[in-house]
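Colleague: My structure is below; once you've seen it, I'll send some questions.
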Amino acid sequence: MAEESITTTLTTPPEKQPSPEESNSTQQVLARETEKATETDPSEAPEKEVTPEEHQQPKVTETETASTEKKELELGDGDDDKSQKSAAEEENKRIPKNLGSFKEESSKLSDLSDSEKKSLDELKHLVRDALDNHQFSTTTPEEEVTIWGVPLLKDDRSDVVLLKFLRARDFKVKDSLAMLKNTIKWRKEFKIDELVEEELVDDLDKVVFMHGHDREGHPVCYNVYGEFQNKELYNKTFSDEDKRKHFLRTRIQFLERSIRKLDFNSGGVSTIFQINDMKNSPGLGKKELRSATKQAVELLQDNYPEFVFKQAFINVPWWYLVFYTVIGPFMTPRSKSKLVFAGPSKSAETLFKYISPEQVPVQYGGLSVDPCDCNPDFSLDDQASEVTVKPGTKQTVEIIIYEKCEIVWEIRVIGWEVSYKAEFVPEEKDAYTVVIQKPRKMKPADEPVLTQSFKVNELGKVLLTVDNPTSKKKKLVYRFNVKPL
């Protein structure tokens, strides 16, 4: 029986061929059934002759067929696979569910409702009176009052800042003004503006770091609690009160510097996507960490309103249910609605809902390497494609090459447990297929990302094939670059 196949084609419109500098331009995506593709009249899409000065983008086709290794799996590893599936289902039962949906409000002032505009105008009037009467603890009448680098009531950026306080207090004007006054007072007591300029020393570069953007342009901040399993780092950070205060100052400084890179103009991105990696986290047994976390949450809740777009918790262990009951009472219902939870088996899949794979670090299922590690072939700007490989199916990525070139690609399947091969099929009928990568059974412990290249000296196509014999769906991620010879 002939295999059924579902095909997705990505192609560059023939009327505009990209230049070498545009070889990674955005591709149009057209989904169609393979059977329908045979009805297309080739004369409707005449080939355009490519001159040496032009570069023609390869055409990509993704095809799904039945796994050729499925029977082997069913005879051998079926019991192990079922036990893994049961473990994953049990894990999902323990993980807290998402606590309500959240859609970020627009930061465009023109999108405000009439009642919201009225509240904003009232707050601005009260802020003007407070400024005129020096109610923000200003030392001199001439001193300008700023917050996160934005001077109050000087331009539209101030309106976006005031909106954060209004939204944090459900547009209750007097409550919003009180919160603003308390925040400015705390900032002066904490000497925030001086703190931003200090050169604080810490060893927390791997604990908290910014990396890439989500699909809507929000910068992404990663918090990796598992790093505190290192006893030396833990004691250096939390062993006494002075160290805990230093930890808090370094985190506030990091947050302030990150906030000042945001866009407070009307319609700009002025929130951050927070990701909290709970893998190997020390847990509730560490009272010093628990105390520092509680203090930090209270400070952020009181003085940094509406700066979190989403708060994602990944690699969540069972004990986090208990941890959440501790920090939950200190969070507003609005903050709770932004939470997203994912266990170890669903972490990468969950991140991909919000962040493109090329923006996600390798350790979290993506393709992006640490900025300190050089990747000469790809950058954050090189978009990746995602394909779901269904249980018992084989996915083939076909890249049709129209010119002599060197093609470089990165490919990974989250968790592997698949077979992978790569080959080049020349266009000439009598030419031999070139094996680039023999079929290789990839294990979870293998390198997370494969980077391969091939010099194409004749027209043809590169085939990347992933065979998933398991009973679990897999996420295939890949991208490629072409360098004309």
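The values are calculated or read from the model by the stated rules, or taken from the named source; none is laboratory data. From a predicted model like this one, the values you see are computed outputs, not experimental measurements. FYI the Cβ positions are ideal-geometry reconstructions off the backbone, even for glycines, and counts take in every protein chain you see.
Colleague: Restricting attention to the range 383-391, does a residue exist that is acidic (D, E), over 23 Å from E447 (Cα atoms) and surrounded by fewer than 16 Cβ atoms within 10 Å (Cβ to Cβ)?
Modeller: The answer is no; no qualifying residue exists.
Colleague: Also, I was wondering about something else. Can you say whether Y420 is of a type in the set (F, W, Y) and more than 14 Å from V466 (Cβ to Cβ), as far as the supplied structure shows?
Modeller: Here the answer is no, as Y420 does not meet what is asked.
Colleague: Of the numbered conditions (1) touching a residue at least 60 places away in the same chain (Cβ under 8 Å); (2) in contact with a Leu (Cβ under 8 Å, 6 or more places away or on another chain), V220 fails exactly one; give the number of that condition.
Modeller: Every condition holds for V220 apart from (2).
Colleague: Moving on. Is it true that I414 is farther than 30 Å from S345 by Cα and surrounded by 14 or more Cβ atoms within 10 Å (Cβ to Cβ)? Even if it seems obvious, please write down each step before you answer.
Modeller: Values: farther than 30 Å from S345 by Cα: no; surrounded by 14 or more Cβ atoms within 10 Å (Cβ to Cβ): yes.
Answer is no for this residue.
Colleague: Please specify each residue of the range 277-292 satisfying the condition of being within 17 Å of G328 (Cα to Cα) and buried (at least 18 other Cβ atoms within 10 Å of the Cβ).
Modeller: Scanning the range 277-292 gives M278, L289, A292.
Colleague: Would you point out the residue of the range 425-437, among those that are surrounded by 14 or more Cβ atoms within 10 Å (Cβ to Cβ) and touching a Gly at 6+ places or on another chain (Cβ under 6 Å), that is nearest to T465 (Cα to Cα)?
Modeller: V425
Colleague: Restricting attention to the range 254-263, does a residue exist that is polar (S, T, N, Q) and at pLDDT 95 or above?
Modeller: Filtering the range 254-263 for residues polar (S, T, N, Q) gives 258.
So of that shortlist, the ones also at pLDDT 95 or above come out as 258.
For the range 254-263, residues polar (S, T, N, Q) and at pLDDT 95 or above: present.
Colleague: Looking at the range 199-217, which of its residues are under 21 Å from W148 (Cα atoms), touching a helix residue (DSSP H, G or I) at 6+ places or on another chain (Cβ under 7 Å) and free of Cβ contacts under 8 Å to residues at least 60 places away in the same chain?
Modeller: L200, V208, M210
Colleague: In the range 221-237, is there at least one residue being crowded, with 18+ Cβ neighbours inside 10 Å, of a type in the set (S, T, Y) and more than 23 Å from the chain's Cα centre (by Cα)?
Modeller: Yes, because at least one residue in the range 221-237 is crowded, with 18+ Cβ neighbours inside 10 Å, of a type in the set (S, T, Y) and more than 23 Å from the chain's Cα centre (by Cα).
Colleague: Can you tell me which residues in the range 201-233 are of a type in the set (G, A, S) and in contact with a strand residue (DSSP E or B) (Cβ under 8 Å, 6 or more places away or on another chain)?
Modeller: In the first step, residues of the range 201-233 are kept if they are of a type in the set (G, A, S); the result is 212, 217, 226.
If the condition is that a residue be of a type in the set (G, A, S) and in contact with a strand residue (DSSP E or B) (Cβ under 8 Å, 6 or more places away or on another chain), then G212, G226 are the ones that fit.
Colleague: Being surrounded by 18 or more Cβ atoms within 10 Å (Cβ to Cβ), under 30 Å from E256 (Cβ atoms), among the hydroxyl-bearing types (S, T, Y) and modelled with pLDDT under 90 is the requirement here; does Y320 meet it?
Modeller: The answer is yes for Y320.
Colleague: Hey, among the residues in the range 438-485 that are of a type in the set (D, E) and either farther than 14 Å from I407 by Cβ or under 22 Å from the mean Cα position of the chain (by Cα) (or both), which one's surrounded by the fewest Cβ atoms within 10 Å (Cβ to Cβ)?
Modeller: Among them, the one singled out is E447.
Colleague: If you check every pair at least six apart or on different chains, which have Cβ atoms under 7 Å apart with a residue in the range 283-307 that is at positive phi first and a residue that is part of a helix (DSSP H, G or I) and of a type outside the set (G, A, S) second?
Modeller: E306/K164; E306/R167
Colleague: Could I ask something else about it? Let me spell it out: the conditions are (1) surrounded by fewer than 16 Cβ atoms within 10 Å (Cβ to Cβ); (2) of a type outside the set (D, E, K, R); (3) touching a Leu at 6+ places or on another chain (Cβ under 7 Å), and V269 meets all of them except one. Which number is the exception?
Modeller: (1)
Colleague: Please verify whether G217 is loosely packed, with under 13 Cβ neighbours inside 10 Å and of a type in the set (G, A, S), treating the condition exactly as stated.
Modeller: The answer is yes for G217.
Colleague: Pairs only if they're at least six apart or on different chains, beta carbon under 8 angstrom, first in the range 117-141 and modelled with pLDDT of 95 or more, second exposed (fewer than 12 other Cβ atoms within 10 Å of the Cβ); list them, first residue then second.
Modeller: Short answer, once both residue conditions are applied: L126/K174.
Colleague: Select from the range 102-116 the residues that are polar (S, T, N, Q) and free of Cβ contacts under 8 Å to residues at least 12 places away in the same chain and list them in ascending order. Give the steps one after another, and end with the answer.
Modeller: So the first thing to find is which residues in the range 102-116 are polar (S, T, N, Q), and the list is 106-107, 110, 113, 115.
The answer is S113, and nothing else.
Conditions tested, residue by residue: (1) at positive phi; (2) in contact with a Leu (Cβ under 8 Å, 6 or more places away or on another chain).
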{"residue": "R167", "(1), (2)": "no, no"}
{"residue": "D170", "(1), (2)": "yes, no"}
{"residue": "I184", "(1), (2)": "no, no"}
{"residue": "E189", "(1), (2)": "no, no"}
{"residue": "D203", "(1), (2)": "no, yes"}
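Colleague: Oh, and also: Does Y234 count as hydroxyl-bearing (S, T, Y) and under 16 Å from I275 (Cβ atoms)?
Modeller: No.
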